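J.: Mind having a look at this structure? Questions to follow.
The values are calculated or read from the model by the stated rules, or taken from the named source; none is laboratory data. Just so you know, these numbers come straight off a predicted model, no measurement behind them. Glycine also receives a Cβ, built like all others from the backbone with ideal geometry; neighbour counts cover every protein chain displayed.
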Amino acid sequence: MSMLKVEDLCIKVHDKKTTDTLVYDVDLEMEKGDILGIVGESGSGKTMTALAIAGLLSRHDMEKSGHITFEGINLLEVERKVLRKIQGNEISMVFQEPLNSLNPLKKVGWQVEESLRVHTVMDKAEMKERAIQALRDVELDNPEAVYNSYPHELSGGMRQRAMIAAAMIIQPRLLIADEPTTALDVTIQAEIVELLKRINKERGTAILFISHDLSLVNSLCERVLVMQNGLVVESGNCEEIFKNPKQEYTKKLINAIPKNPFFKEA
Amino acid sequence: MDNSKNKKIKFIVGLTLVGIIFLMMIAGIFCTPYDPLAMDMSAKFAGVSFKHIMGCDNFGRDIFSRVLVGVRETMFVSATVVFIGTFVGIIIGTVTGYFGGWVDEILMRINDAVLAFPSVLLALLVIGVLGGGTHSLIIALGIAFVPSFARIVRGEVLRIRNLDYIQCVRLYGASHLRIIVVHILPNLRTVLLSSVLIGFNNAVLAEAGMNYLGMGTQPPNPSLGLMLSEAQSVIFTNPWNAIFPGLVIVMMILGFSLLSDALEKKS
Amino acid sequence: MKYVLKKIGTLILTLLAVSALVFFAFSFIPASPALSKLGTEATAEKIAELNHQMGLDRPVLVRFGEWVAGIVHGDFGISYSYNTPVTQLLSEKIAVTMLLSVMAILITVILSFPLGIYVARKSDSKLDVFFTTVNQMIMSIPSFFSGILITLIFGLILHVFTPGAYVSYKRDFFKCMAYLIFPAFSIALPKISMVVKLLKDTALKEADKDYVRTAYSRGNRTKAVFYKHVLKNAIIPVITFLGMTFADIIAGSIIVEQVFGVPGLGRILLTSISGRDYPVVEAIILLLATAVVVSNLIVDLLYKKFDPRIHV
């Protein structure tokens, strides 16, 4: 049995009279330690798919159907109580805008510790030790100082590292990274991708990496899904798709990659 | 969720209330059932009846007629006050926001000092200087309302002035006057619409409050605030004397605040 | 610390501007206080004599300087109509008005925060329309009218208190508070509903933000997300609002004092305005402006404590 299996996932939004289908019949499968990429333009449904897996689509006007099976539990039908035990514990998520995704009024350390506070019983000193270790693990230079600062006092790259530290502090099985590098400079993008690679290798955490940038996906992932208008149009081995795209859309995405000195093309 | 539906209801209820207020105002201008000043001792403290739908006061004057004239007064004073506030506020706000420099520095310091006063207190100060009466009340509240408008306009002008397209127009050699009149002033519309409605509400509140203190309309002329304070001594025996004018004030404020809520743009 | 000093500096400058404004406004008025004091007995000679006696024939700037110097020493001059020092005349009345205003703001905070939180948490339910409607109506009742209604209902029908039977705080502090709670409540009433509305609106706005999604992604309960994340962010605009409201509450207390017969600054301000007793008017306005400016300073400092993004 695979760790994560998504079958026939459909997400519909009811807006007054019209119904929009945002995600249509998506299937995907991930094993422990996999890195899977999802690429597509904005509006292709890749973020919706990710949020659905993370259990964060709970708006009343949304209708979800299909199956999302994580370790044998169907996340779409399970009680919120059970879902909460998985969120932040087994599945964590890193978002696109690190500044907006951090609470502006809480210290970074407090936010990094949050998953521990929710899911474990631990005293303050131990929690702080773990948080500082987590911050060190994401290669932040001065973890003590970062622990005691507010989000607005950090640079974009540091914030995203702190977000990754917060997501990784409790050793989840699956890390969902939704466009984690889009809001960052090109040099920092490469660093974050390297960091994710290392996390995957050292700890065996599976990573679902979502991006509109095929070159980033190519440098990180083994397998990729290409999405367009809510549909998976192509999927398979990353290198193969890159070399030999079947779909017109995939070709366009490949051609859209700027010649980037930081990534060696396959 | 059903935000638009909520706004629609607010708009309809607000418009209805404001519509009733306007009808009362028109009646107050052209025809009231009785002479609002005519005393009829036989009708002293007359209760609510078909003849006097809101009863009569301690001099036997018809309260409904007095309320109608009071609504007219309040509307007239508030509208004038908001007009003065907006007009002077636009001038000060535009000049300071657009040109900046020491004029801005000095005027905004004074503005801040004036803003430190609650508007009722500032109006009391002006009335202390000018003496009471409706004209003084209008001037007093007008002055009290200038600073908030000036500040809003200045902020907006500052924002617009630094937009790229204004820089562009300036490059083409447009004069300051042209930039202000053609490119900046029309853009103040949205900000002004909501602040005028809110300002009007505050003006109604301030007018009624000042009249309640006896600083505006002089007896025997009626005004809503004055009627409240006159009725206060007979509140136990004749509560309706205070309740009707009070309810009309509530209706005015509720109507205009619902309208301004409904017209407010989603930010 | 530097921030506090700078704020205090602007505070003093603002107060100086206010006092100049007040003083010069009254030195330009057409009717002289000597004339109104003498009334029908006024002759040109007598007016000149009285003007000289009151020191009104000297240059304005000299009088302003003396006035400010006096205030620094706690001396606001002598009342024209009572012939007693203004400081002595006002000292007890200031305490009453401040007591009333502080009570009103405390009532506002104590009642509006729990109510606002409750309404915000219930904003999904059917009760929302009911709360919004009631709130909007309460917001539209001016405090002097709600004061009259409270007098009628609690004073005359339910006999919870006796309207007009104010007890000085010097004689019995608790009886005084028990009386003041009614006017304070009528001042607070519209403010409470404004805070409830603001708190609900900002909480809903905050709930849509990205960091809330992050909080959910870590497995927090809805309740924990609200209290640990949303609430603190939603309170910041409310603090700004409360700061601006303090001025309104002071002005409101001047009016509501008339409804309940509370002998605060309100009544003496009104009689002094009609009696053209300028030293008293000037002193009251300056004192109230000081209260407003100082409360703004406190809010600024509070704000800094709440929001780490505000830089020194």
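J.: What residue, among those in the range C:236-252 that are modelled with pLDDT under 90 and crowded, with 21+ Cβ neighbours inside 10 Å, is farthest from the other protein chains (Cβ to nearest Cβ)?
T.: C:LEU242
J.: In the range A:191-223, which residue that is of a type in the set (Asp, Glu) and in a helix (DSSP H, G or I) is surrounded by the fewest Cβ atoms within 10 Å (Cβ to Cβ)?
T.: Checking each candidate, the answer is A:GLU202.
J.: Here's something else I'd like to know. Hey, among the residues in the range B:214-226 that are within 11 Å of another protein chain (Cβ to nearest Cβ) and modelled with pLDDT of 90 or more, which one's nearest to B:ALA123 (Cα to Cα)? Outline the logic, then answer.
T.: Step one: of the range B:214-226, the residues within 11 Å of another protein chain (Cβ to nearest Cβ) are B:214-215, B:224-225.
Cutting the leftovers down to modelled with pLDDT of 90 or more gives us B:224-225.
Working: B:LEU224: 18, B:GLY225: 15 Å.
In this case the residue turns out to be B:GLY225.
J.: Is it the case that B:SER119 is of a type outside the set (A, V, I, L, M, F, W, C), closer than 29 Å to C:ASP277 by Cα, within 14 Å of chain C (Cβ to nearest Cβ) and surrounded by 23 or more Cβ atoms within 10 Å (Cβ to Cβ)?
T.: So B:SER119 fits the description; yes.
J.: Same structure, new question: Can you find even one residue in the range C:117-128 that is within 27 Å of B:ALA206 (Cβ to Cβ), within 14 Å of another protein chain (Cβ to nearest Cβ), outside any helix (DSSP H, G or I) and hydroxyl-bearing (Ser, Thr, Tyr)?
T.: No, because not a single residue in the range C:117-128 is within 27 Å of B:ALA206 (Cβ to Cβ), within 14 Å of another protein chain (Cβ to nearest Cβ), outside any helix (DSSP H, G or I) and hydroxyl-bearing (Ser, Thr, Tyr).
J.: I would also like to ask the following. For the range A:198-248, which positions are of a type in the set (Asp, Glu) and touching a residue at least 40 places away in the same chain (Cβ under 8 Å)?
T.: Residues of the range A:198-248 that are of a type in the set (Asp, Glu), as a first pass: A:202, A:213, A:222, A:234, A:239-240, A:248.
Within the range A:198-248, A:ASP213, A:GLU222 meet the criteria.
J.: Among all residue pairs at least 6 apart or on different chains, which show Cβ distances below 7 Å where the first residue, located in the range A:83-96, is free of Cβ contacts under 8 Å to residues at least 60 places away in the same chain and among the hydrophobic types (A, V, I, L, M, F, W, C) and the second is part of a strand (DSSP E or B) and surrounded by 20 or more Cβ atoms within 10 Å (Cβ to Cβ)?
T.: A:ILE86/A:PHE70
J.: Has the range C:1-16 got at least one residue that is touching a Phe, Trp or Tyr at 6+ places or on another chain (Cβ under 8 Å) and either at pLDDT below 75 or more than 30 Å from C:TYR179 (Cβ to Cβ) (or both)?
T.: No, the range C:1-16 contains no residue that is touching a Phe, Trp or Tyr at 6+ places or on another chain (Cβ under 8 Å) and either at pLDDT below 75 or more than 30 Å from C:TYR179 (Cβ to Cβ) (or both).
J.: Still on this model: Taking C:LEU302 and the conditions (1) away from chain B (no Cβ under 14 Å); (2) of a type in the set (A, V, I, L, M); (3) surrounded by fewer than 20 Cβ atoms within 10 Å (Cβ to Cβ); (4) touching a Leu at 6+ places or on another chain (Cβ under 8 Å), which numbered condition does it fall short on, given that it satisfies the others?
T.: (4)
J.: Further, regarding this structure: When the residues of the range C:189-232 are filtered to those that are of a type in the set (Asp, Glu) and either in contact (Cβ under 8 Å) with a residue 60 or more places away in the chain or within 13 Å of chain A (Cβ to nearest Cβ) (or both), which remaining residue is surrounded by the fewest Cβ atoms within 10 Å (Cβ to Cβ)?
T.: Here the answer is C:ASP208.
J.: Follow-up. Given the conditions (1) within 12 Å of chain C (Cβ to nearest Cβ); (2) in contact (Cβ under 8 Å) with a residue 60 or more places away in the chain; (3) over 25 Å from the mean Cα position of the chain (by Cα), report the number of the one that B:ARG109 does not fulfil.
T.: All conditions are met except number (2).
J.: Evaluate the following for B:LEU205: is it under 23 Å from the mean Cα position of the chain (by Cα), touching a residue at least 12 places away in the same chain (Cβ under 8 Å) and surrounded by fewer than 17 Cβ atoms within 10 Å (Cβ to Cβ)?
T.: Details: under 23 Å from the mean Cα position of the chain (by Cα): yes; touching a residue at least 12 places away in the same chain (Cβ under 8 Å): yes; surrounded by fewer than 17 Cβ atoms within 10 Å (Cβ to Cβ): no.
Here the answer is no, as B:LEU205 does not meet what is asked.
J.: Quick one: how many residues across the range A:117-155 are within 14 Å of chain C (Cβ to nearest Cβ), in a helix (DSSP H, G or I) and in contact (Cβ under 8 Å) with a residue 24 or more places away in the chain?
T.: Qualifying residue count for the region: 6.
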